[in-house]
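A quick write-up on the structure given underneath.
None of the figures in this text is laboratory data; all of them are computed from the coordinates on show. Every value quoted in this text rests on a predicted model; they were computed, and no experiment measured them. Every residue, glycine as well, gets a Cβ built from its backbone with ideal geometry; the counts of neighbours run over all protein chains shown.
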Amino acid sequence: MLYIYNMKGRKLYNRISVLRGERDISRKELAEQIGVNFQTVGYLEREEYNPSLDLAFRISECFGLPVELIFSTEPMKPLSQEILDQRKRTGE
């Protein structure tokens, strides 16, 4: 059985601005790499717009990270906290 959920209004959180900052990439540069208008990158960063699945994967590929490290349906922890939590889970 196929279930289709209405995603309208469901907020996605992301780390796009943090990742751009770490890599010193402007909105315009990212937009060119993923094939969108630079304003779209701003909308994504401000979480005013949810990307299509295709766009989420293009962003993921651009940063070389899994989609789930960039996007989430729940507020995201700082990356430093994610690393600490991962180390605790693996016993490093």
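Observations on the model:
- Inter-label distance for residue 89 and residue 33, nm, one decimal - labels placed 7 Å from Cα along Cα-to-Cβ: 2.5 nm
- Length gained when the stretch residue 80-residue 65 is fully extended (0.36 nm per residue, less Cα-Cα span): 3.9 nm
- Sparse packing (at most 16 other Cβ atoms within 10 Å of the Cβ) combined with a DSSP loop state is found for the following trypsin sites (Lys or Arg not before Pro) in the chain: 8, 10, 11, 46.
- For the chain, Kirkwood radius (reciprocal of mean inverse C-alpha pair distance, Å): 14.4 Å
- In a simple Cβ point-charge model (Lys, Arg +1; Asp, Glu -1; nothing else charged), the chain has a dipole of about 220 debye relative to its Cα centre.
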